[in-house]
Structures are given as structure tokens and as C-alpha cells.
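Chemist: Provided herewith is a single structure, encoded as C-alpha cells, for subsequent inquiry.
The values are calculated or read from the model by the stated rules, or taken from the named source; none is laboratory data. All figures in this text were calculated on a predicted structure; none of them were measured in a lab. Cβ placement follows ideal geometry from the backbone for every residue including glycine, while neighbour counts extend to all protein chains displayed. Accessible surface is based on the protein model in full, side chains and every heavy atom, while ligands, DNA and RNA are left aside. Shrake-Rupley method; radii C 1.70, N 1.55, O 1.52, S 1.80 Å.
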Amino acid sequence: MISRKLIHVLDDDLSVLGAVERLLKARGFDVETFHTIDSFIERANLRAATCLVLDINLNGASGIDLKRKLNAAGISPPVIFITARDEDVTRRAALSAGCVAYLSKPFSSKDLVDAIEASQQGR
């Protein structure tokens, strides 16, 4: 298990956000959570983050668009996209934006942890 890695989690569903935070902390990760893109942009320590877990649909905003903006700014930690609306067009957009994993809600704890640990290989 990888420990003491900083994971940022962005989801507008507070119950999902809390569950993911508890899971990751129990597995030894440092976790910072955000429930809006604005709070993420204002407070996220992107240079220290080793992985981002981003919801795709964020109250009219898009985790995919956020990933593209981060790429354009030269900030590119590994990203795992999560979504409640798994559609082919969304999956293709997420993959083209550059994600290491794409998980449909509800996803298993094992799938999320495995994706994060795989993203840390070589880091």
C-alpha cells in the first residue's frame, strides 16, 4: 500500500465526498476534499497532489473541463474521473482529456484504491 500521498477529491455530492475521504484516510492517504470547482481552485495545493479524483458533473461545471485547464497550465497529476452518468461520449471525453481511470458510481472501494495505487507507480 502507498501511504502519505496527497489525494485531492472534488465532488459536489457531499455524501460521496465524505465516503471517499473516509476510505482513503483509512488506507493511509492524506486527503483534501472540495465540493465546488471554485473551492478547488482557491485552496487546492496542486503542486503537492499526487492524484486527483474528479467528479465529471459538478452543478453545471465539468471535471473534464477542469482537467483540460490544468493541462494547459502545465499541471498534470494523474486524474481519476468518477461519474454517476456513464455515457460513451463522456467516457471518450474523459479519456481524451487524459485520465488514468474512469469509474462509474457506485464504484467499489477496491477499484478506487487500485486506480490510485496504479497512478502512483513511478512517482
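Chemist: Given a 1.4 angstrom probe, what's the average accessible area per residue across the stretch 14-107, in square angstrom? Please report the intermediate quantities before stating the final value.
Modeler: Values: 4830 Å² over 94 residues.
Spelled out: the 1.4 Å probe surface of the stretch 14-107, per residue, equals 51 Å².
Chemist: Students often check this: by mean Cβ neighbours within 10 Å, which of 75-81, 114-120, 35-41 ranks highest, and how do the rest follow? Please list the in-between numbers first.
Modeler: Working: 75-81: 19.9, 114-120: 17.7, 35-41: 16.1.
Per-residue Cβ counts within 10 Å, averaged per peptide and sorted highest first, yield 75-81, 114-120, 35-41.
Chemist: Let me ask another. Could you check how much of the accessible area of the chain is carbon and sulfur, as a whole percent, using a 1.4 Å probe? Display every interim value, and only then the final one.
Modeler: Numbers: 3040 of 6310 Å².
Carbon-and-sulfur percentage of accessible area, whole number: 48.
Chemist: Show log10 I(q)/I(0) for the stretch 32-71 at q = 0.16, 0.26, 0.30 Å⁻¹, two decimals, from a solvent-free Debye sum over equal Cα scatterers.
Modeler: Listed by q, the Debye log ratios stand at -0.36, -1.00, -1.32.
Chemist: A follow-up question, please. Please list log₁₀ I(q)/I(0) at q = 0.10, 0.11, 0.13, 0.20 Å⁻¹ for the chain, using the Debye equation with identical point scatterers on the alpha-carbon positions.
Modeler: Log10 I(q)/I(0), no solvent term: -0.25, -0.31, -0.44, -1.15.
Chemist: Can you list residues whose amide H is under 5 Å from Cys51's amide H, if they're 5+ apart or on another chain and H is modeled 1.01 Å from N?
Modeler: Distant-sequence amide H within range of Cys51: His8.
Chemist: Could you derive backbone 3J(HN,Hα) for the stretch 24-38 from the dihedral phi with the Karplus parameters 6.51, -1.76 and 1.60 (θ = phi - 60°), listing whole Hz in sequence and x where the residue is Gly or Pro?
Modeler: Calculated HN-Hα couplings, in order: 5, 5, 5, 8, x, 8, 7, 9, 10, 10, 9, 10, 9, 4, 4 Hz.
Chemist: Then there's this: Would you work out the charge dipole size for the chain about its Cα centre, treating the Cβ of every Lys and Arg as +1 and the Cβ of every Asp and Glu as -1, and quote it to the nearest 20 debye? Can you show the working numbers first?
Modeler: Details: 16 positive and 16 negative charges, 87 e Å.
I would put it at about 420 debye.
Chemist: Which aspartates and glutamates have a Cα lying under 12 Å from the Cα of Lys5, excluding residues fewer than 8 positions away in the same chain?
Modeler: Within the straight-line limit of under 12 Å, Lys5 reaches these aspartates and glutamates: Asp30, Glu32, Glu117.
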